[in-house]
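Here's the structure we're looking at; comments come further down.
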Amino acid sequence: MKENVLCEHIRIEQSFQGLFGGPKSKTVSLIVDSVEYQIVIEQCMIRTIIINASAPVSTSTMWDIFLALEKLLMLMEGRFFPVSNISISEENASENDYSEIANMFISNRLAYYTTTPAYCYQDHCFLDYHEILDADLFTKWIDLQAELDIVHQNVLYNIADTGVTTDVKCANLIEVFEPLTEIINQYETFFPQLSPGDRGTTLKMCIDAVICKYGKDIFEEEYCRNKEAFLRIVVNSRNRVMHIKRNQPSGKYLSGAESILYMTKICHLYRVVILSILGVDYQLYRDKLIKSISAWNQWEKVLEKFLSQKLL
């Protein structure tokens, strides 16, 4: 297959309505599977990511290094950006083959690399990669990404511009609290009494545990008003996708507009948890997180109505 053609260099350009600042440049070197990679991120209106390998590797391997980096940047910046151009090179290979492979990489980009405009309502950039990105952080992320497996893809698909309605996305996203509890216990051991999937550990318990440990700034309004009612509504909203209407639990659940709000809040919380596991100090971005949450809490008076009408 063409993606198994060897290469030593890949250059990716990203551009999106002049959103990239700069000029700035960041270089990171790390070893993956005995190969040293030098990664250079250059930014001035557009973003250019250059990856050089110390030995020839398959183009798919080189592309996977970029995708891992892109997902790590998304945890910091809160969105993905389009890839506008790719160039691949190696001394003894056909330029036509590389051009074909580059076009294939662009055309086969998965849907979750297009972040939904609903999640981009506010600037969700928590961190500047230029200040914190290093080999240790990237290596930790590669290992954690493998451990998360399909869980991370589920989160990304539910904040992607896929055409799926937001109430369905939010219901699916609520599922992430159980695997989050597992991954937190594996790396931090904060909830040893919780074992998702076993009798006695409920989704409600997992949601509450994760919010109390990592999401107080995100869900302060809801917890102060009526924590128990809020947790019931979140669980009811997840359960809607597990039963037909007549068998759904009675009670309140999130409306469409509320689903947009809580899709955002849950994704913010997910990013906080993953960044914490990666060793990123919460205080580095707490002010930016609170600013984003404050703006969302005022959006279209959705939270105000939710607090007064449903969290009685």
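We did not get these values from a lab; they are worked out from the coordinates using the rules stated. Only a predicted model underlies this, so the values are computations on that prediction, with no experimental measurement involved. Every residue, glycine among them, receives a Cβ derived from its backbone with ideal geometry; neighbour counts consider all protein chains shown.
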For peptides 107-115, 255-263, sequence by mean Cβ density within 10 Å, most packed first
255-263, 107-115
Listed peptides 141-147, 195-201 by packing density, highest first (mean Cβ within 10 Å):
141-147, 195-201
For Ser29, enumerate residues with amide H under 5 Å from its amide H, sequence gap 5+ or separate chain, H modeled in the peptide plane.
Ile39, Ala135
Regarding the chain, what whole-number volume in Å³ per residue does the convex hull of its Cα atoms give?
149
What shape does the stretch 50-142 have by the C-alpha gyration tensor, where a ≥ b ≥ c are the square roots of the eigenvalues, rounded means a/c under 1.5, and otherwise prolate means a/b greater than b/c and oblate the rest?
oblate
Hey, how much of the P(r) for the stretch 2-109 falls beyond 23 Å, as a percent of Cα pairs?
26
For the stretch 94-203: Kirkwood Rh in Å [reciprocal of mean 1/r, alpha carbons]
17.2
Computed ³J(HN,Hα) along the stretch 278-290: with the Karplus parameters 6.51/-1.76/1.60, θ = phi - 60°, integer Hz and x for glycine or proline, the list is 6, x, 7, 5, 4, 5, 5, 9, 4, 4, 5, 4, 4
Hey, can you grab everything whose amide H is under 5 Å from the amide H of Ser84? Only 5+ residues off in sequence or another chain; H modelled, so Pro and N-termini drop out.
Glu13, Gln14, Ser15
Tilt relative to the chain, helix 59-77 - C-alpha long axis, 0 to 90 degrees, to 10:
40
Among the lysines, which fall within straight-line cross-link reach of Lys216, defined as a Cα-Cα distance under 28 Å, with same-chain neighbours fewer than 8 residues apart omitted?
Lys71, Lys140, Lys169, Lys204, Lys227, Lys252, Lys265, Lys288, Lys291, Lys301, Lys305, Lys310
I want to verify a result. In a Gaussian network model of the chain, Cα cutoff 10 Å, which of these has the top mean-square fluctuation: Val272, Val210, Val32?
Val32
Along principal axes, Cα extents of the stretch 129-309, largest first, whole Å:
51, 38, 34
May I ask you to evaluate 6.51 cos²θ - 1.76 cosθ + 1.60, the Karplus curve with θ = phi - 60°, for each residue of the stretch 203-219 and list the ³J(HN,Hα) values in order in whole Hz, giving x for glycine and proline?
4, 4, 5, 5, 4, 4, 5, 5, 5, 4, 7, 10, x, 4, 5, 7, 10
Connecting C-alpha atoms closer than 10 Å in a GNM of the chain, tell me which of Ile183, Ile39, Ile106 has the biggest fluctuation.
Ile106
